Amino acid sequence: MKSRLVASAAISALVLLGATGCTFISPQATKIEYSASDGVNVLDSDGPIDVRNAFIVASEDGTVGNFIGAVVNPSSEKATLTITVGDLDPLTVTVPAGKTLSYGADQEPLRIEDLDAKPGSTIEIHFQSGDGAGTRTAVPVLDGTLPYYSDLVPDEAEATPTPTPTPSDTAAPAPAE
């Protein structure tokens, strides 16, 4: 009887070890940090500002895009974030102390002219705040296929503004002599 009890305990231990043993050598998935949405999180350890869920919604040809993302300033002072896409002119935003600006939600998206990145690709963007060197991150470029991004696609008509005549353009010609 005693041997049956010992055998039963041994079999139970083997079944328990076999069913749970793989967790001893596998990494714990809940400890792996990742961006849970379509965008990427940008943490600049040298600067006061963090960027969350950053992505670009671009026109079909990839020449114009809207920067979408939350810019978070947890510090007690206002801070400025500079966003540089390739060799284009940098975008600069100032975030009040302890505030979050959500571009594409409660703020208008930041428009990027001459983007040169088609939807489906990624583009390197440099984010810099404070006195730090900043960080370079590959940011996804999306399109308006998904219904919740369709209203974020930039209007290409805005990309080529029509010049308006200035008073010198409409001045009367000089009288003939």
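Of the residues making up region 145-162, at least one is open to solvent by less than 40 Å² (accessible area, probe 1.4 Å), out of contact with any Gly (no Cβ under 9 Å at 6 or more places or on another chain) and small (Gly, Ala, Ser).
Of the residues LYS99, LYS31, the single one that is surrounded by fewer than 19 Cβ atoms within 10 Å (Cβ to Cβ), at pLDDT 95 or above and over 19 Å from PRO154 (Cβ atoms) is LYS99.
For (1) free of Cβ contacts under 8 Å to residues at least 60 places away in the same chain; (2) open to solvent by less than 10 Å² (accessible area, probe 1.4 Å); (3) in contact with a strand residue (DSSP E or B) (Cβ under 6 Å, 6 or more places away or on another chain); (4) hydrophobic (A, V, I, L, M, F, W, C), each residue gets a yes or a no:
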{"site": "ASN41", "(1), (2), (3), (4)": "yes, no, yes, no"}
{"site": "GLY62", "(1), (2), (3), (4)": "no, yes, no, no"}
{"site": "SER75", "(1), (2), (3), (4)": "yes, no, no, no"}
{"site": "THR80", "(1), (2), (3), (4)": "yes, no, yes, no"}
{"site": "LEU88", "(1), (2), (3), (4)": "yes, no, no, yes"}
{"site": "THR92", "(1), (2), (3), (4)": "yes, no, yes, no"}
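Put simply, of ALA117, ALA97, ALA54, ALA70 the only residue that is more than 27 Å from TYR148 (Cβ to Cβ) and hydrophobic (A, V, I, L, M, F, W, C) is ALA97.
Residues that are hydroxyl-bearing (Ser, Thr, Tyr) and part of a loop (DSSP other than H, G, I, E, B) within region 120-138 comprise just one, SER121. Just one of the numbered conditions (1) part of a strand (DSSP E or B); (2) touching a residue at least 60 places away in the same chain (Cβ under 8 Å); (3) surrounded by 18 or more Cβ atoms within 10 Å (Cβ to Cβ); (4) not aromatic (Phe, Trp, Tyr) is not true of ALA117: (1).
The values are calculated or read from the model by the stated rules, or taken from the named source; none is laboratory data. Quick caveat, the model's predicted, so the values are computed rather than measured. Virtual Cβ from ideal backbone geometry, glycine too; neighbours counted across all protein chains shown. In case anyone asks, the SASA skips ligands and DNA or RNA and just uses the protein heavy atoms, side chains included. Shrake-Rupley method; radii C 1.70, N 1.55, O 1.52, S 1.80 Å.
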